[in-house]
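The values are calculated or read from the model by the stated rules, or taken from the named source; none is laboratory data. No experiment lies behind these values; they were computed from the predicted model shown. FYI the Cβ positions are ideal-geometry reconstructions off the backbone, even for glycines, and counts take in every protein chain you see.
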Amino acid sequence: MDKEESKRRTKDLTLRIFGVVEALPGGRLTDVIGHQLLRSGASVGANYRAACRARSRADFISKMGIVEEEADESLYWMELLVESKILPQEKLGPLMKETDELLAITISSIKTARSRKD
């Protein structure tokens with residue numbers, strides 16, 4: 001997958017997360033989880049864009065490490081929404097799958113960048 005496709009997919013992920021958070025039922029618990037999901041989910045796309053502008057391989061690896069952490073954290077919050085029965089698996093399953101795919105792509109990109117010689 002090329003850089004532009006990854007930019008599009010990470011931005012789409014953020015927009016889809018916006019929709020999920022907006023649709024959450026009111027309550028203290030959902031407010032907290034929603035806030036955390038919104039923060040980590042939006043960070044995936046923002047940090048991917050920053051990685052695209054990295055000034056060195058080390059900078060790229062560092063920024064992609066943040067993308068990895070934020071995507072994994074987003075998955076965690078979505079898992080909590082499902083496991084606490086706030087949202088059904090059927091509603092979040094496709095978004096969780098996309099997040100997991102982007103996480104795998106990110107990990108692969110980091111491994112490739114680490115293995116390259118100068």
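From E70, E22, which residue is among the acidic types (D, E), buried (at least 19 other Cβ atoms within 10 Å of the Cβ) and modelled with pLDDT of 95 or more? Show your work before the answer.
Values: E22 fails: buried (at least 19 other Cβ atoms within 10 Å of the Cβ).
Going through E70, E22 in turn, just one is among the acidic types (D, E), buried (at least 19 other Cβ atoms within 10 Å of the Cβ) and modelled with pLDDT of 95 or more: E70.
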Practice task
Report yes if some residue within the range 33-41 is of a type in the set (D, E, K, R), at pLDDT 95 or above and within 12 Å of the chain's Cα centre (by Cα); otherwise report no.
Solution key: yes
Exercise for the section: Report yes if Q36 is without any contact (Cβ under 8 Å) to a residue 12 or more places away in the chain and in contact with a helix residue (DSSP H, G or I) (Cβ under 8 Å, 6 or more places away or on another chain), otherwise no. Expected result: no
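Has the range 44-56 got at least one residue that is assigned to a helix (DSSP H, G or I), among the hydrophobic types (A, V, I, L, M, F, W, C) and either farther than 17 Å from I105 by Cα or touching a His at 6+ places or on another chain (Cβ under 9 Å) (or both)? First the steps, then the outcome.
Applying the first criterion (assigned to a helix (DSSP H, G or I)) to the range 44-56 yields 44-52.
After this cut, where a residue has to be among the hydrophobic types (A, V, I, L, M, F, W, C) as well, the list is 44, 46, 50-52.
Imposing the further condition that a residue be either farther than 17 Å from I105 by Cα or touching a His at 6+ places or on another chain (Cβ under 9 Å) (or both) reduces the set to none.
No, the range 44-56 has no match at all.
Answer yes if at least one residue in the range 21-33 is touching a residue at least 60 places away in the same chain (Cβ under 8 Å) and over 22 Å from K97 (Cβ atoms), and no otherwise. Walk me through it before giving the result.
Narrowing the range 21-33 to residues touching a residue at least 60 places away in the same chain (Cβ under 8 Å): 24-25.
Okay, now just the ones that are also over 22 Å from K97 (Cβ atoms), so 25.
So far as the range 21-33 goes, yes, one or more of its residues are touching a residue at least 60 places away in the same chain (Cβ under 8 Å) and over 22 Å from K97 (Cβ atoms).
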Exercise for the section: Determine the pairs where a residue that is surrounded by 17 or more Cβ atoms within 10 Å (Cβ to Cβ), located within the range 44-62, has a partner that is among the aromatic types (F, W, Y) and modelled with pLDDT under 95 with Cβ atoms under 9 Å apart, the partner being 6 or more residues away or on another chain. Expected result: none
Exercise for the section: Tell me, yes or no, whether the range 96-105 has at least one residue that is more than 16 Å from R9 (Cα to Cα) and surrounded by fewer than 19 Cβ atoms within 10 Å (Cβ to Cβ). Expected result: no
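Of L81, L29, L87, which residue is farther than 30 Å from R116 by Cβ, in a loop (DSSP other than H, G, I, E, B) and more than 14 Å from the chain's Cα centre (by Cα)? Break it down into steps so the answer makes sense when it comes.
Details: L81 fails: in a loop (DSSP other than H, G, I, E, B); L29 fails: in a loop (DSSP other than H, G, I, E, B).
Every option except L87 fails the conditions.
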Exercise for the section: Please enumerate the residues belonging to the range 38-62 that are in contact with a Lys or Arg (Cβ under 7 Å, 6 or more places away or on another chain) and within 15 Å of D12 (Cβ to Cβ). Expected result: G45, Y48, R49
